[in-house]
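Read-outs: derived from the displayed coordinates by stated rules, not from any lab. These figures come from a predicted structure and were not determined experimentally. Don't worry about glycine lacking a Cβ; one is built from the backbone with ideal geometry, like all the others, and counts go over all protein chains shown.
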Amino acid sequence: MIPRRRIALEFDDLVDALRCLWTSAEHAAAQVAAFERAFAASIGVRHAIATSSGRDALGLILDELDLGEGDELVIPAYTLGELVPLIRARGIVPVPADIDPTTFNVTPESVTHRIGPRTRAILIVHLLGAPCDAPALRVLADAHSVALIEDCAHAPCARIDGRAAGSFGHAALFSLEATKAVAAFGGGVVASDDDALVARIRARIASRPQREWPPVRKALLKLIEELGVRSPAYGLVARLMFSERRAGRFDRLYRRAHDKVRGNATAFSGFQARLGLRKLARMQARNRRLNALWEDFAARLPERLARQRRDAVGEPAFYNFVARFDGDIAALRAAAQSTGLDLGIGSEVMDDTAAMLGFDDCPGAAEAHARAVLIPLYEGLSERRRARMVDVLVRICRELP
Ligand SMILES: Cc1ncc(COP(=O)(O)O)c(C=O)c1O
């Protein structure tokens, strides 16, 4: 089975995990500060603050921009659904702006359509690494005197007009989850040029305990998960887990289990900072390599799999490979699975937040949710396996109605 995702676990990650056992608290704090400086420099902003996750970073930004009860926040109609309860828990009203189903991103037009008298901020995402039109959206936000927040969970290397994604908003959030470009087994970053906002966020997290164990435990669990995914038994297990009936349920269970081990109330650890520094140093080269792989793979796919348009605005970052299938995605997944190819569909790709919120006027998001297919593409996937995937997909696309 070619699994849907794989985590790039390196020997050095495990050495770092062991090292943290005899690291002093002062040294760990110095590592975190060094990571924050390096991260800010890579985005071209004055400040970066390491947090316990991307979600934590968003929560801190919303709180410290003073958004609260009854304030409206325009959000993408197609993004991670788990952001919705996080926003609502603060009494903030999320209002979805539709996406362009070819780029999967909101547009200045779709956002303008949702701005009203109660709008206090706009959250945009560079979905799956494709830059969205952040410069135009910043102009729009300024014209309406509302804040622009950039969700760069998928896009630490994306650039627009020569500037990094994350440098256009009043604040940006990044994720350092195990599958992300700067993978630190959890963790996130707030990036901003706003000194006062940053001071308030720093004051909030200053009292959090810095514990080394939760991210190390997570790294060990990921190692076990990864060994399972690479074992010959994975094909059978995946077929049981991702059957049409069970797939959604399994995905929810997996995400919940994931949340349990993320150590939300803790500060970013020295272990994570060391990993982050190492991955930051290699981030641009990795991105170039994987973007080239993306282009080569996309060029070989059949037309019925319309790949995400990633160059509409700027230079993309590599994240997952997602295409739209003009047929029955469940049938596509079942056919691929029977030949040993593990595709993700529906909410395993992203969520239709407009539908979650009861809006029925976001056709772009509905289409993306109904048609998007996550095709495995990552580092370490051999040319032989990539060629096999292309053959399988060409054949299935020919055979399916
Ligand atoms: C679009 C988007 N935003 C935010 C996040 C939150 O990041 P984290 O998992 O680090 O909380 C994710 C997570 O994958 C995401 O996909």
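Odds and ends about this structure:
- Gyration tensor over alpha-carbon atoms, region 275-363, equivalent ellipsoid semi-axes in Å: 27, 20, 15
- Expected-Rg normalisation [2.2 N^0.38 Å, Cα atoms] applied to region 63-182: 0.98
- Protection proxy ranking, highest mean first, for peptides 50-60, 376-386, 140-150: 50-60, 140-150, 376-386, where packing is the per-residue count of other beta-carbon atoms within 10 Å, averaged.
- Ordering GLY276, VAL349, ILE7 by Cα displacement along the dipole of the chain toward the positive end leaves ILE7 in first place; charges were set at the Cβ atoms of Lys, Arg (+1) and Asp, Glu (-1).
- Helix-only mean residue ellipticity at 222 nm for the chain, each DSSP H run of n ≥ 4 adding -39500 (n - 2.57), per residue, nearest 500: -14000 deg cm²/dmol
- Close lysine pairs were tallied over the chain: pairs 8 or more places apart or on different chains with Cα atoms under 15 Å apart number 5.
- Within the chain, no helix built from a complete DSSP H run reaches 18 Å or longer along its own axis (Cα positions) while carrying a mean Kyte-Doolittle hydropathy of 1.6 or higher.
- Residues whose placed amide H lies under 5 Å from that of THR79, excluding near-sequence neighbours: ASP351, THR353
- Candidates LEU374, LEU128, LEU21: whichever shows maximal mean-square fluctuation once the chain is modelled as a Gaussian network with Cα springs under 10 Å: LEU21
- Average Cα contact separation per residue, the chain, under 8 Å, 6 or more apart, as relative contact order %: 25
- Radius, Kirkwood style, for region 1-143 when every pair of distinct Cα atoms is counted (Å): 18.0
- Each eigenvalue of the Cα gyration tensor of the chain, multiplied by 5 and square-rooted, gives one semi-axis; in descending order these are 31, 27, 19 Å.
- Selection from VAL106, THR266, ALA334, by position along the positive dipole direction of the chain (Cβ): ALA334
- Sequence of TRP22, TRP294 once ranked by neighbouring C-beta atoms within 10 Å, starting from the fewest: TRP22, TRP294
- About its Cα centre, the dipole of the chain is roughly 1500 debye, where the only charges are +1 on Lys and Arg Cβ and -1 on Asp and Glu Cβ.
- Packing here is the average count of other Cβ atoms within 10 Å per residue, and on that basis the peptides 216-228, 110-122, highest first, run 110-122, 216-228.
- Taking the DSSP beta bridges with both ends in region 50-186, the antiparallel portion is around 20 percent.
- Sorting the segments 151-164, 202-215 by their residues' average number of neighbouring beta-carbon atoms within 10 angstrom, most packed first, yields 151-164, 202-215.
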